[in-house]
1. Looking at the chain as a GNM with Cα springs under 10 Å, which of Leu99, Leu87, Leu226 has the largest mean-square fluctuation?
2. Once the dipole of the chain is set up with Lys and Arg at +1 and Asp and Glu at -1 on Cβ about the Cα centre, which of Ala130, Gly86, Ile147 lies farthest towards its positive end?
3. I'd like the distance separating the alpha-carbon centroids of segment 81-152 and segment 217-239, in whole Å.
4. Give me the one-decimal nm value for the distance between modelled label points at Gln105 and Ala91, 7 Å along each residue's Cα-to-Cβ direction.
5. Taking R0 as 41 Å, what FRET efficiency do you get between His168 and Ala208 from their Cβ-Cβ distance, rounded to the nearest 0.05?
6. Please find the FRET efficiency linking Arg218 to Lys48, where r is the Cβ-Cβ separation and R0 is fixed at 35 Å, and quote it to the nearest 0.05.
7. Take Asp177 and His189, extend 7 Å from each Cα along the Cα→Cβ direction, and tell me the distance between the two endpoints in nm.
8. For the chain, set up a Gaussian network in which alpha carbons nearer than 10 Å are linked by springs, and say which option among Ala208, Ala130, Ala26 fluctuates the most.
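Taken together, the values in this text are just the output of simple stated rules run on the coordinates, not laboratory data. Note that the structure is a prediction, hence the values are computed from the model and not measured. Don't worry about glycine lacking a Cβ; one is built from the backbone with ideal geometry, like all the others, and counts go over all protein chains shown.
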Amino acid sequence: MPLRDHFRGELSDRRHWESFHSLWTAAITGRLNEKVLPENYFAEAQVKLSRRVEVDVATIHETPSTPVAETNGGVAVQTWAPPTVGLLIPATFPDDIELQIFHSQGGPNLVAAIELISPGNKDRPETRRAFAAKCAGYLQRGIGLVIIDVVTERQANLHDELIDLMRHPPRFAYPSDSLLYAVSYRPAHQEETNLLETWPFDLTLGEALPTIPLPLLRGPTLPLELEVSYTEALKRSRL
């Protein structure tokens, strides 16, 4: 099923892109769990848009400044209250449309992550940097990573944002001017040097999606069949 534009034109009027991305994430998760991942591995979907911390500033300000005695089954319990907040620093929490792969032996231990980029990940310098920082955190822990960008309404390249954050020279930027792309990253170590083995793939509206590498920390590199999961998500959404 050829890649379609879920953000502009007729399709965006018929379906919400958030719903389709959720379906696509679920389809990838199901495919990995049913057909691809070896024994003792499993995938879980994580979808959080406009993430925010659950305790708001008003709640913090209303916290008692002195200990309060409470009872817990007849036993007095002292509730500790932190001191008055010294600084309120603006923070950016990126959208999460991802699935995580775990190794259950001795775990669960996170071994790979697949990120479906949202418009919110690309819309401002601070959200682009927050997304890149999350990806860099995975890679610095040796976790395999895939990013998939089919967002047509904003044109920032988040691979390039990641390269800039990691202070690599421009020669490691995305190798083409394609606006849509997928990139796989496999942290590696060779001859006393840490490396990122990287596979970039151009994506094109109207064309089939590729099968790309899915590297697992201390495990195999598996095929991630984007076309199969994308077609399944289209069918489930009745597009």
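1. Leu87
2. Working it through, the farthest residue towards the positive pole turns out to be Ile147.
3. One Cα centre to the other: 21 Å.
4. 3.6
5. Result of the calculation: an efficiency of 0.85.
6. Efficiency at R0 = 35 Å is approximately 0.80.
7. 4.2
8. Looking only at Ala208, Ala130, Ala26, the biggest GNM fluctuation is shown by Ala208.
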